[in-house]
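Here's the structure, in structure tokens; my notes come after.
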Amino acid sequence: MNGLIKSIGQQLNIPITDTPDCVCRIIYSIAGQMALASLWDADNGYSSVSVIHFRERISQIMDAYKSICPETKGFLPDTNDSLANDIYNLYLRTGYFYHTSHRISPAAPKLSGYDGIILHRGSSPDADLYMSGLGLYSINKSESDSSVADMFGLQKQPLNQYFEELIVNGDWQEVQFPNDTEYLRLDPPFSSGYWNQKPEHDGRTSLARYGSPQKIYVFYRCINGLFLQKSIPEWIIKDYFYNSNGFYGEYRRISNALLNHYGTLPPHKATMFGNLVRFDLGYRLPPSEEDFLNLFSWPETYNYAEGKQPIFTRLLSKQLYPLFKCILTDIGYCIVEES
């Protein structure tokens, strides 16, 4: 391993292994660190930098380190646009900068903690911090000023309580679903998709969506051959970030709760190896929880096409794993640990 890369990895407390994928993890974190530092490059009377400036910094860092680490060829993409966009979007969704029209500026400093681990946002670029993935943290260095859930907008209610409170509101009404309706799959396997073209007929409450271009989500059930639906308030299902399909995935907060209610929600798997934890999602998390996991972890692969980022397997520092485990299990998710 290149001595410079190894030294930076040690400074950032990134687990070191003598493999190309370790070099990729270090370069990925450096790119995020330097991109955040670029938020302080404002000049010419501005208190912000352009989005282009932020993304170009990521690309410049990636190119610089790829040139001195030939072993990353084939592991890191030849062009950086997709990776730079994903890093930018993840920092945007997790509140690492303020966004105005085409310009961004550093977020206000914020700390949250759990069991001696302090998570940082809006820190000065010269702060001596560790990294797991793109996230910044320290160990027993500062007092936190908020909870992790508050800092990153994570769910506080357990899944069972969330579902019980959600389903009690509203009235059931008879419905004839349009032809474009999709119905949530309640039973595994989920490998062929989370939505079905055919509804459930067994009386269980489930989720349906229909309409274009913006989907309408409703609860539905079938009683004696009659379909009934119950509306879901728009603010509950509203997506604050959109992808090319017109929605980002806030519905997954309800689908996780539904599957948990019926005992069909797959567990997540954590596999320990060395100072890393491989985290395999059994079912996609809601957006804020998924973004939180992605922020403090590394993707399994970096060489992917635009919009095709792998989402079901992440690698995170073993030091941070207890924090993730506590947060997810408190909500009601099941994690199976393997070594």
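The values are calculated or read from the model by the stated rules, or taken from the named source; none is laboratory data. Please read all numbers here as calculations on a predicted model, not as lab measurements. Neighbour counts run over all protein chains shown; Cβ positions are idealised from the backbone, glycine included.
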Notebook entry, point to check: From the set of residues in the stretch 127-154 that are assigned to a loop (DSSP other than H, G, I, E, B) and acidic (Asp, Glu), which is nearest to Arg93 (Cα to Cα)?
Noted result: Asp145
Margin query: Could you tell me how many of the residues in the stretch 90-129 are polar (S, T, N, Q), within 22 Å of Leu12 (Cβ to Cβ) and surrounded by fewer than 15 Cβ atoms within 10 Å (Cβ to Cβ)?
Written below: 1
Check: Are any residues in the stretch 189-205 surrounded by fewer than 16 Cβ atoms within 10 Å (Cβ to Cβ) and over 17 Å from Pro178 (Cβ atoms), and if so, which ones?
Finding: Pro189, Ser191, Ser192, Gly193, His201, Asp202, Gly203, Arg204
Check: Any residue in the stretch 311-330 that is free of Cβ contacts under 8 Å to residues at least 40 places away in the same chain, β-branched (Val, Ile, Thr) and over 28 Å from Gly74 (Cα atoms)?
Finding: yes
Check: Is one or more of the residues making up the stretch 71-86 closer than 23 Å to Ile5 by Cα, touching an Asp or Glu at 6+ places or on another chain (Cβ under 9 Å), in the same structural domain as Ile8 (by TED's automatic domain parsing) and hydrophobic (A, V, I, L, M, F, W, C)?
Finding: yes
Next item on the list: Would you mind finding the one in Tyr283, Tyr304, Tyr333 that is under 23 Å from Ile117 (Cα atoms), part of a loop (DSSP other than H, G, I, E, B) and not aliphatic (A, V, I, L, M)?
Entry: Tyr333
Checklist line | Residue in the stretch 31-48 that is nearest to Asp81 (Cα to Cα), counting only those that are surrounded by fewer than 21 Cβ atoms within 10 Å (Cβ to Cβ) and of a type in the set (A, V, I, L, M, F, W, C) | finding: Met34
Note to self: Quick test of your reading of the structure: Ile216 fulfils all but one of (1) over 22 Å from Val336 (Cα atoms); (2) in contact (Cβ under 8 Å) with a residue 40 or more places away in the chain. Name the failing condition by number.
What the structure shows: (2)
Notebook entry, point to check: Within the group Leu76, Leu134, Leu83, which residue is under 23 Å from Tyr28 (Cα atoms) and touching a Leu at 6+ places or on another chain (Cβ under 6 Å)?
Noted result: Leu134
Next item on the list: Those residues that are of a type in the set (S, T, N, Q) and part of a loop (DSSP other than H, G, I, E, B), I need them from the stretch 160-202; list them, please.
Entry: Asn169, Gln176, Asn179, Thr181, Ser191, Ser192, Gln197
Check: Out of all the residues in the stretch 303-324, which are over 15 Å from the mean Cα position of the chain (by Cα) and either surrounded by fewer than 20 Cβ atoms within 10 Å (Cβ to Cβ) or among the acidic types (Asp, Glu) (or both)?
Finding: Asn303, Tyr304, Ala305, Glu306, Lys318, Gln319, Pro322
Note to self: Take the residues in the stretch 69-88 that are of a type in the set (S, T, N, Q) and in contact (Cβ under 8 Å) with a residue 24 or more places away in the chain; name whichever of them is farthest from Met34 (Cα to Cα).
What the structure shows: Thr72
